[in-house]
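Everything below concerns the one structure shown next.
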Amino acid sequence: MINNSKNETLSARRRLLGRNLSIAYRNPVKIVRGSMQYLYDEEGREYLDAYNNVAHVGHCHPRVVKAGQDQMAVLNTNTRYLSDLINQYAERLIATLPEPLNVCFFVNSGSEANELALRLARAHTNAADLIVLDHAYHGNTSTLIDISPYKHDGPGGSGAPPWVHTVPLPDLYRGLYRADNPKAVEKYREHVVAVIEQIGPRRLCGFIAESLPSVGGQIVLPANYLPAVYQAVRTTGGVCIADEVQTGYGRIGTHFWGFESYGVIPDIVVLGKPIGNGHPVGAVITTTEIAESFANGMEFFSTFGGNNVSCAIGRAVLDVVQEDKLQLHAHNVGERMLGQLRELMSRHEIIGDVRGSGMFLGVELVKSRETREPATMEADVIVNQLRDEQILLGTDGPFHNVLKIRPPMPFNANDADRLVEVLDQKLRSFSL
Ligand SMILES: Cc1ncc(COP(=O)(O)O)c(C=O)c1O
């Protein structure tokens, strides 16, 4: 067991690891243990985790750990052999989704899942052009950087390739058309239609979006946006991909999947982060029709995707989500927190907007409610102050001024009260 001091760990990391791996907080935390919604540093200090959505059912949830350990001692091999485990897991996942989403593929990360989703979409449409939302992030591979404006339009990026068409993020608070514009959704839809017209008939492969854009700033899309866009995309033969890597598995409280909250059914759904609770699991679920187009003779194989241990872990995570009714829990705690945060907004001018659903919340900080100038530095100060109070939060949005609340799902009412109380204290210094 290596037990270096925090400074030794930091300097070894700087020496050994790539420089563009970021480190959270000015005073970094060295985490050595996790349990449910709490993390523990090398001195045994407990941190309330209000940020890490990957540990969906809780850090090191005993049932998930045991499922992995038990399966590891029996068998871990690839999908070329028959296994009831992978079939059962696929069946359980498919049962959470509406028809006609009924064919599953397993991979090892959200990035791999989005890559595969693109291949499926291209095989089905014989087209390449894709419409993406501004500020979106879909993963770390070359192709996914190409479809992630958050990366290719950010530091070190070199813009979008010609086959990627970026449309404005329908953010009713800060976007091009806002809540005071009764035609906002229509206007946002027109951008999609304009791309379709510009690229010409049958060249559109599809449209990809997170159901609630996360790095875009914890955005809830306007209710009619996805129905309108899906319709426009399908009219021209394109497919609709829902990136549910951050928003699925009951996190938004009202629904199991983010897209369900808008009454749409995507053609391809992409899963990642929470489904393995920290173990690397990704999945793509699509229609029989699209899966058939993809089955063109070229084998699809992922060495680790769908291995027995991943499936055992994935099934255990789903068991916990469903048996412990974590979606309902997210709804209840989320509603409580939303109410508390809105109350904070009534007292702190620096809060420009509070939004979200369940345990997927955003608090947007502004220097002035009138100009909506982003309070980026203030958001950074607050997140670092909360860290010193042993509460872990992060920021996001194009200006990094949105406090991102996205805890492991066991996060409870007491945790919410503590988070809001400490946030209230810290906001006071900006409200004088
Ligand atoms: C919406 C979304 N899609 C895809 C990914 C990529 O997932 P991974 O990091 O597991 O490859 C991420 C990761 O942050 C994400 O937030």
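The values are calculated or read from the model by the stated rules, or taken from the named source; none is laboratory data. Because the structure is a prediction, the values reported are computed rather than measured. Ideal geometry is used to build each Cβ from the backbone, glycine not excepted, and the neighbour counts take in all protein chains shown. Accessible surface areas use protein heavy atoms only, side chains included; no ligands, DNA or RNA. Shrake-Rupley method; radii C 1.70, N 1.55, O 1.52, S 1.80 Å.
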Practice item. Mind telling me which of the residues THR286, THR236 ends up being touching an Asp or Glu at 6+ places or on another chain (Cβ under 8 Å) and among the polar types (S, T, N, Q)? Key: THR286
Review point. When you go through LEU120, LEU130, LEU116 one by one, which is the residue that is buried (at least 22 other Cβ atoms within 10 Å of the Cβ), over 30 Å from LYS325 (Cα atoms) and within 13 Å of the ligand (Cβ to nearest atom)?
Key: LEU116
Exercise for review: Note down all Cβ pairs under 6 Å where the first residue falls in region 80-97 and is assigned to a helix (DSSP H, G or I), the second is among the polar types (S, T, N, Q), and they're at least six residues apart or on different chains.
Suggested key: LEU85/ASN308; ILE94/ASN102
Check your understanding: Which residue out of LEU212, LEU169, LEU144 is over 24 Å from GLU112 (Cβ atoms), hydrophobic (A, V, I, L, M, F, W, C) and within 16 Å of the ligand (Cβ to nearest atom)?
Key -> LEU169
Practice item. Under 9 Å between Cβ atoms, at least 6 apart or on separate chains: pull out the pairs that start in region 1-30 with a residue that is in contact (Cβ under 8 Å) with a residue 60 or more places away in the chain and end on any residue that is acidic (Asp, Glu) and part of a helix (DSSP H, G or I). Key: TYR25/ASP388; ARG26/ASP380; ASN27/ASP388
Review point. Does ALA12 qualify as being of a type in the set (Gly, Ala, Ser), farther than 28 Å from HIS329 by Cβ and not in a loop (DSSP other than H, G, I, E, B)?
Key: yes
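Kindly indicate which of PRO161, PRO170, PRO222 is farther than 25 Å from TRP257 by Cα, in a loop (DSSP other than H, G, I, E, B) and without any contact (Cβ under 8 Å) to a residue 60 or more places away in the chain.
On the way: PRO170 fails: farther than 25 Å from TRP257 by Cα; PRO222 fails: farther than 25 Å from TRP257 by Cα.
Checking each option against the conditions leaves just PRO161.
Mind checking which residues of region 20-51 are in contact with a strand residue (DSSP E or B) (Cβ under 8 Å, 6 or more places away or on another chain) and either open to solvent by 40 Å² or more (accessible area, probe 1.4 Å) or of a type in the set (Val, Ile, Thr) (or both)?
At the first step, the residues of region 20-51 found to be in contact with a strand residue (DSSP E or B) (Cβ under 8 Å, 6 or more places away or on another chain) are 24, 29-42, 46-51.
ALA24, VAL29, ILE31, VAL32, ARG33, SER35, MET36, TYR38, GLU42, GLU46, TYR51 - these are the residues of region 20-51 that are in contact with a strand residue (DSSP E or B) (Cβ under 8 Å, 6 or more places away or on another chain) and either open to solvent by 40 Å² or more (accessible area, probe 1.4 Å) or of a type in the set (Val, Ile, Thr) (or both).
Kindly check whether there is at least one residue in region 285-292 that is in contact (Cβ under 8 Å) with a residue 24 or more places away in the chain, out of contact with any Ser or Thr (no Cβ under 6 Å at 6 or more places or on another chain) and crowded, with 24+ Cβ neighbours inside 10 Å.
Residues of region 285-292 that are in contact (Cβ under 8 Å) with a residue 24 or more places away in the chain, as a first pass: 285-291.
Then keep just the ones that are out of contact with any Ser or Thr (no Cβ under 6 Å at 6 or more places or on another chain); that gives 285-291.
Keeping just the survivors that are crowded, with 24+ Cβ neighbours inside 10 Å gives 285-286.
Yes, region 285-292 has at least one match.
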Check your understanding: Looking at region 147-158, which of the residues that are free of Cβ contacts under 8 Å to residues at least 60 places away in the same chain, in a loop (DSSP other than H, G, I, E, B) and within 15 Å of the ligand (Cβ to nearest atom) is least open to solvent (accessible area, probe 1.4 Å)?
Key -> SER148
Exercise for review: State all residues of region 337-360 that are within 17 Å of ALA413 (Cβ to Cβ) and more than 22 Å from the chain's Cα centre (by Cα); if no residue qualifies, say none.
Suggested key: GLY339, GLN340, ARG342, GLU343, LEU344
